[in-house]
Amino acid sequence: AYEFTNKKKFLDLSNYFIAERGKHPHYFDQENIELEKNEEPLDISKFPSEVRDFIKWQHGHRKQQHDYCQAHVPPVDQKTAEGHSVRALYMYTAMADLARINNDKEMLDTCKSLWRNIVDKRMYIHSGVGSAHIGERFSFDYDLPNDMAYAETCATIALIYFADRLNKIELNSEYSDIIENSLYNLILASTSIDGKAFFYDNYLECNPGFLKFQHRRHGIRDKYHLCSCCPPNITRLIASVDQYVYNIFDNGLVINQFISSEIDLTDQKQGFKINQFSQFPWEGYSLIEIIESNNVYSTIYIRIPHWEKNLQIS
């Protein structure tokens, strides 16, 4: 909201949310103590089994687990990815935004530590994150089982947001590499070709005959899920994928993704237009056409993917 409106009250509120998180005593703990004094027992017998299981777990296993809500310590002191994977990565995205806007080196260092922990120790080969089914959460380093992976689609979308924000702070091809891997190997693969069914979780090994005996696990894409957060999130991501192709800076441009597109900067300081014709992912080839309009000096950075071992530019 701050970057769209330039109203400082939104920035102040964002800073407040991050600064207050992880402080003791926890406000919501105190609030719950008061609420539970007059709370009537909830009759859950009429709810679907998935809802009953969630309510039981929510009121038992998760209670008082501050790390699940990323509130175990102040955000700036968090060094490992903990708790609910989607919410964690949304918060890390906000932290990266604040690090950039406030020029906060300490917050940036925290974000980079969290990034390294996720990418090096808690991420699957297809960019899935959050391996634990119970709690849809991060668990511990190198806990990455193929057959029981959770790797919620929304969590990888949140990882894309986090990578994008870090890429706006410093030029590092790794951020765009992860975005590329996420888009092709998880996001697109999670959805059926006709767009009518989707994977909520994205495990890497699947035996449908075995899964039919497993509660809440499916061997094929679902047309409906009790918590259908993924389809609108995928739609939002695909509709905004243009935001991840280029970064514009003072007198130049960064080409992050090799996706057919056009960007016209002839009326700006850069003074050029780019047409990109990509054959990805079917062929490792992309034609970048640069049309100069104004006689100005500009710089164009092109990402060299980590998987490229025989780069040719002609």
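The values are calculated or read from the model by the stated rules, or taken from the named source; none is laboratory data. Remember, it's a predicted structure, so these values are computed and weren't measured experimentally. Neighbour counts run over all protein chains shown; Cβ positions are idealised from the backbone, glycine included.
Summary table
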| item | result |
| --- | --- |
| Residues that are buried (at least 20 other Cβ atoms within 10 Å of the Cβ) and either out of contact with any Leu (no Cβ under 6 Å at 6 or more places or on another chain) or not assigned by TED's automatic domain parsing to the domain that holds M107 (or both), drawn from region 167-176 | N167, S176 |
| Filter pass, W307 being more than 29 Å from G135 (Cβ to Cβ), more than 23 Å from the chain's Cα centre (by Cα) and among the aromatic types (F, W, Y) | no |
| Filter result for V86 (in a helix (DSSP H, G or I), more than 22 Å from N15 (Cβ to Cβ) and at pLDDT 95 or above) | yes |
| Where a residue in region 18-30 is without any contact (Cβ under 8 Å) to a residue 12 or more places away in the chain and its partner, wherever it lies, is in a loop (DSSP other than H, G, I, E, B), with Cβ under 9 Å and at least six apart | E20/P74; F28/A71 |
| Residue check, D147 touching a residue at least 60 places away in the same chain (Cβ under 8 Å), over 28 Å from I304 (Cβ atoms) and either in a loop (DSSP other than H, G, I, E, B) or among the aromatic types (F, W, Y) (or both) | yes |
| Number of the condition not met by Y301 [criteria: (1) aromatic (F, W, Y); (2) more than 21 Å from D177 (Cβ to Cβ); (3) surrounded by 14 or more Cβ atoms within 10 Å (Cβ to Cβ)] | (2) |
| Test: residue in region 252-265 that is within 25 Å of P145 (Cα to Cα) and of a type in the set (A, V, I, L, M) | no |
| Hey, T156 assigned to a helix (DSSP H, G or I), farther than 26 Å from W307 by Cβ and of a type in the set (V, I, T) or not | no |
| Cβ pairs under 7 Å, 6+ apart, first in region 115-130 and on the phi > 0 side of the Ramachandran plot, second aliphatic (A, V, I, L, M) and surrounded by 18 or more Cβ atoms within 10 Å (Cβ to Cβ) | S127/L159; S127/I178; S127/L186; G130/A151; G130/A155 |
| Residue within region 231-239 that is among the hydroxyl-bearing types (S, T, Y), more than 29 Å from P145 (Cβ to Cβ), at pLDDT 90 or above and not assigned by TED's automatic domain parsing to the domain that holds I179 present | no |
| Selection count, region 46-81, where residues are assigned to a loop (DSSP other than H, G, I, E, B) and at pLDDT 75 or above | 10 |
| Residue ID - farthest from the chain's Cα centre (by Cα), chosen from residues in region 228-265 that are farther than 24 Å from E174 by Cβ and acidic (D, E) | D264 |
| Residue among I118, I101 that is at pLDDT 95 or above, buried (at least 21 other Cβ atoms within 10 Å of the Cβ) and either under 13 Å from the mean Cα position of the chain (by Cα) or in a helix (DSSP H, G or I) (or both) | I118 |
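Results for (1) loosely packed, with under 15 Cβ neighbours inside 10 Å; (2) more than 15 Å from the chain's Cα centre (by Cα); (3) outside the structural domain of V119 (by TED's automatic domain parsing), shown as yes or no for each residue.
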residue	(1), (2), (3)
T156	no, no, no
Y161	no, no, no
D164	no, no, no
L188	yes, no, no
Y224	yes, yes, no
